[in-house]
Amino acid sequence: MMLFRGFFLFIAVLFSLSTFAQEQMAFSSELNKTRYQSLVEELRCPKCQNQNLADSGSGIAVDLRELVHQMIEQGKTDQEIVDYMVARYGSFVLYRPQHSTATFLLWYGPFILLGVGLLAFVAVVVANRKRRGRDL
Amino acid sequence: MRKLLFFMPLAVFLVLGVVFYLQLGKDAQYMPSALVGKKVPEFTLVSLQDDQAYTHKDLPNTPYLINFWGTWCPACHVEHPFLMELANSGVPIIGIDYKDQKDLAVQWLEQKGNPYQAILMDEIGNFGVDMGVTGAPETFVVDRSGVVVYRHQGVINAENWPEIKGYMK
C-alpha cells in the first residue's frame, strides 16, 4: 500500500512538472495578471508550433512571455500586443485565425456549403414532388 | 446534364485529392517570415568590435546577409566554417551576436576566425524579436534597397546556399 502511494505521488509530481514552464511574475493588478494569462494562452510559440506561449519552455517563448508582461505593465492594450506579435511573427502566432479575405473560406466556407446543400436538397425534393404529381 | 450532376462528388474528391497530394512532402516546420518584403527594422546596437553604437542607417547598401548566431548555439559551430568560405568569396555578412556574452563571442572569433563585416550585440534579444527570430542560426537576405527578401532558419551550407544566393541582388 505504501509503495503504491509512493508510486502515485511520483506520477503526480511527474505530471505537474510540465506545468512549471512559467516564471514567477509580479503584476500591478489582478486584472493585468488575468490579461497576461489569457494572452499567453492565445499566442502560439513561434518556435515549437504546437504549444502556446504559456506551455512552452523554449528560449523564445520565455522572452516573449517577458515581453507580454512588460507591455501589459506599460499599459498596452491586448490588441496592441497581438498586433505587435503578428507584425513580427505573422498570423501564425494566433491560435484563433483573424477575419480577413484570406480566412473568409475558413470561417464561412462550412456555412456556405451547408447553404448549397440545403438548396440542392430543396431542389431535389421539389423536383420529385412535381414528377410524382405528373405520374398520378 | 442531370447525369453530370451525379459525378459532382467524384469531381470534388479528385480536386481535393490532387490538392492534398501536392501538399505531401512539404516541410511542415517551414514558417514564412512576416518580415519578407519589409525594410530591416530600426535598431541601435553596440558593436562587438569597437563598442560604438550603430543603427539601421549604417547597414550596407549592397545586398548582404544578416546572420544571427551565438556561442551557446551548437548549430552555429557547424555553420561557422561555411560562413568563413562565404566571407572569403566576398559575401558581406552582418553578424548579430544573439543573446550571448561578449567575452565568449570575442574568444570564439579569435579561435575560429571572423566571417562578419560587422558584429552587433543583441544581448537581450529585442532586435531578434523585431526580426521575428525564433532561435539561432537564422539568416536574412537583404537586397540592394534594404528590403528583407528571404529568411533561412537553420544552418547555411553548400547545399542550400545556391537558393539563398539567388535572392542576393
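Worth pointing out:
- Some residue of region A:46-62 being in contact with a Leu (Cβ under 7 Å, 6 or more places away or on another chain) and within 14 Å of chain B (Cβ to nearest Cβ): yes
- Within region A:37-58, being crowded, with 16+ Cβ neighbours inside 10 Å and over 17 Å from A:ASP83 (Cβ atoms) holds for A:CYS45, A:LYS47, A:CYS48, A:ASN52, A:ALA54, A:ASP55, A:SER56, A:SER58.
- Members of region A:63-92 that are among the charged types (D, E, K, R), more than 11 Å from every other protein chain (Cβ to nearest Cβ), surrounded by fewer than 19 Cβ atoms within 10 Å (Cβ to Cβ) and over 23 Å from B:VAL40 (Cα atoms): A:GLU73, A:LYS76, A:ASP78
- Applying a threshold of 7 Å to beta carbon distances and a minimum spacing of six or more residues, or different chains, the list of pairs starting in region B:75-97 at a residue that is under 26 Å from B:THR55 (Cα atoms) and ending at one that is of a type in the set (Phe, Trp, Tyr) and in a helix (DSSP H, G or I) reads B:ILE96/B:PHE127.
- Test: B:GLY90 is surrounded by 11 or more Cβ atoms within 10 Å (Cβ to Cβ) and small (Gly, Ala, Ser): no
- Leading residue by the ranking (nearest to the chain's Cα centre (by Cα)) among those in region B:21-45 that are closer than 20 Å to A:GLN49 by Cβ and surrounded by fewer than 10 Cβ atoms within 10 Å (Cβ to Cβ): B:TYR30
- First in region B:127-144 and within 8 Å of chain A (Cβ to nearest Cβ) and surrounded by 23 or more Cβ atoms within 10 Å (Cβ to Cβ), second anywhere and assigned to a helix (DSSP H, G or I) and not β-branched (Val, Ile, Thr), Cβ under 7 Å, 6 or more apart: B:GLY132/A:ARG88; B:GLY132/A:TYR89
- A:PHE92 being assigned by TED's automatic domain parsing to the domain that holds A:SER38 and at pLDDT below 90: yes
- Residue check for A:GLN51: assigned by TED's automatic domain parsing to the domain that holds A:GLN24 and more than 28 Å from B:ARG151 (Cα to Cα): no
- Selection of region A:96-119 for residues being loosely packed, with under 11 Cβ neighbours inside 10 Å and either part of a loop (DSSP other than H, G, I, E, B) or among the aromatic types (Phe, Trp, Tyr) (or both) yields A:ARG96, A:SER100, A:THR101, A:ALA102, A:PHE111.
The values are calculated or read from the model by the stated rules, or taken from the named source; none is laboratory data. Quantities reported herein were computed from a predicted structural model and do not represent experimental measurements. Methodologically, a virtual Cβ is constructed for each residue, glycine included, from the backbone with ideal geometry; neighbour enumeration extends over all protein chains shown.
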